[in-house]
Amino acid sequence: MTVTALEREVHREDGRVLRLHEGGDPRGRPVFVLHGTPGSRLLYRKHAEDAARRGLRLIGYDRPGYGGSTPMRGRRVVDAAGDVLAIADALGLERFAVWGHSGGGHHALACAAVLPERVVAAASLAADAPYTAVTAEGLDWFQGMSEWHSQFFRAMLKDPTALDELRAPEIVTRDQFRERVSTLLSDVDRAALTDELVDYVMASEREGQRAGLAGGRDDSLAELASWGFDLSDVRIPLQLWHGRHDQFVPFSQGQWLAAHVPGAEIHFESEEGHVSLFERRVPDVHEWLASHF
């Protein structure tokens with residue numbers, strides 16, 4: 001199946017530009033896809049083709065500072081909801097669904113919490129729990145996290161400019177990419193890294209960081225600060241997904257979210273990890289989201 005992609009820009013009233021990438025069924029029911037950290041608006045071919053078969057129109061966008069979107073210093077997680085709303089208004093979309101994976105997962109939660117009149121349903125896959133809330137309860141946010149990931153966030157807490165020092169060398173081949181992530185992922189996730197998925201992730205990260213590291217820096221700072229909304233405000237249909245073999249975002253964080261989002265439909269997957277959820281379970285998410293229009 002060939003899925004035609006569409007690129008466009010939305011201009012916000014504050015002068016910022018948001019860059020979009022659309023795929024799936026152009027006349028279908030709209031679903032926003034919120035990318036990970038780092039990442040970009042680019043959609044994964046398998047997801048776009050699955051969406052086309054289900055009559056879904058996928059809309060990805062670069063969060064501020066990524067790819068073609070203007071940076072927004074000091075942004076919070078909740079600000080993603082305002083950008084999604086602005087895009088929906090610009091496209092004439094009254095009702096829409098949202099899903100996000102990894103760094104996009106908590107941004108999907110923001111949309112679910114503050115846009116109940118517009119979002120029909122949302123799904124959050126492999127999302128981090130809020131650092132400020134978890135630590136306030138005396139829990140170890142870093143428990144079960146890969147060593148590199150833990151060092152990265154600890155460094156960001158001490159000095160936001162540490163991102164420049166921790167930036168990995170440019171990756172140009174699949175083997176180099178697999179070597180870079182070898183200590184971050186479980187065996188389940190390494191097995192899920194098909195050549196096509198590796199190519200997609202490399203392209204998405206390259207596009208997201210083509211203008212610099214502002215997107216990833218501001219994503220990380222927003223994640224570690226107050227998110228700007230309460231999880232208890234989520235009242236729309238919501239799925240939470242987490243793999244028990246996730247070493248990138250520990251399973252314990254998924255458990256924390258499940259305990260703090262009332263009424264969420266929980267999917268704790270015993271045979272999945274971080275990457276494998278993205279590779280294998282998005283069709284299930286699409287089917288569920290489609291049922292709520």
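One line per residue, one yes/no per condition, for (1) closer than 23 Å to residue 120 by Cβ; (2) modelled with pLDDT under 95; (3) in a helix (DSSP H, G or I):
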residue: 218; (1), (2), (3): no, yes, yes
residue: 258; (1), (2), (3): yes, no, yes
residue: 267; (1), (2), (3): yes, no, no
residue: 277; (1), (2), (3): yes, no, yes
residue: 287; (1), (2), (3): yes, no, yes
residue: 292; (1), (2), (3): yes, no, no
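Would you call residue 47 more than 22 Å from residue 152 (Cβ to Cβ) and part of a strand (DSSP E or B)?
Answer is no for this residue.
Do we find that residue 278 is in contact (Cβ under 8 Å) with a residue 60 or more places away in the chain, touching a strand residue (DSSP E or B) at 6+ places or on another chain (Cβ under 7 Å) and aromatic (Phe, Trp, Tyr) in this structure?
Considered against the rule, which asks whether it is in contact (Cβ under 8 Å) with a residue 60 or more places away in the chain, touching a strand residue (DSSP E or B) at 6+ places or on another chain (Cβ under 7 Å) and aromatic (Phe, Trp, Tyr), residue 278 comes out as yes.
Residue 42 passes all but one of (1) aliphatic (A, V, I, L, M); (2) out of contact with any Lys or Arg (no Cβ under 6 Å at 6 or more places or on another chain); (3) not in a loop (DSSP other than H, G, I, E, B); which number fails?
(3)
Where residues in region 187-196 are crowded, with 18+ Cβ neighbours inside 10 Å and of a type outside the set (Asp, Glu), which of them is farthest from residue 40 (Cα to Cα)?
Filtering region 187-196 for residues that are crowded, with 18+ Cβ neighbours inside 10 Å and of a type outside the set (Asp, Glu), the one farthest from residue 40 (Cα to Cα) comes out as 188.
Per-residue answers, yes or no, for (1) closer than 23 Å to residue 248 by Cβ; (2) surrounded by 17 or more Cβ atoms within 10 Å (Cβ to Cβ); (3) in contact with a strand residue (DSSP E or B) (Cβ under 9 Å, 6 or more places away or on another chain):
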| residue | (1), (2), (3) |
| --- | --- |
| 66 | yes, yes, yes |
| 75 | yes, yes, no |
| 79 | no, yes, no |
| 86 | no, yes, yes |
| 91 | no, no, yes |
| 94 | no, no, no |
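Do you know which of the residues in region 22-59 that are among the aliphatic types (A, V, I, L, M) and more than 25 Å from residue 217 (Cα to Cα) is surrounded by the fewest Cβ atoms within 10 Å (Cβ to Cβ)?
52
Give the residue, chosen from 85, 125, 56, 115, that is over 30 Å from residue 259 (Cα atoms) and either aromatic (Phe, Trp, Tyr) or in contact (Cβ under 8 Å) with a residue 12 or more places away in the chain (or both).
After applying the criteria, what remains is 56.
Being over 17 Å from residue 100 (Cβ atoms), buried (at least 19 other Cβ atoms within 10 Å of the Cβ) and either touching a Gly at 6+ places or on another chain (Cβ under 9 Å) or of a type in the set (Lys, Arg) (or both) is the requirement here; does residue 245 meet it?
Spelling it out, residue 245 is indeed over 17 Å from residue 100 (Cβ atoms), buried (at least 19 other Cβ atoms within 10 Å of the Cβ) and either touching a Gly at 6+ places or on another chain (Cβ under 9 Å) or of a type in the set (Lys, Arg) (or both).
Out of 65, 138, report the one residue that is among the small types (Gly, Ala, Ser), at pLDDT 95 or above and assigned to a loop (DSSP other than H, G, I, E, B).
65
The values are calculated or read from the model by the stated rules, or taken from the named source; none is laboratory data. Not measured: the values here are computed from a predicted model. FYI the Cβ positions are ideal-geometry reconstructions off the backbone, even for glycines, and counts take in every protein chain you see.
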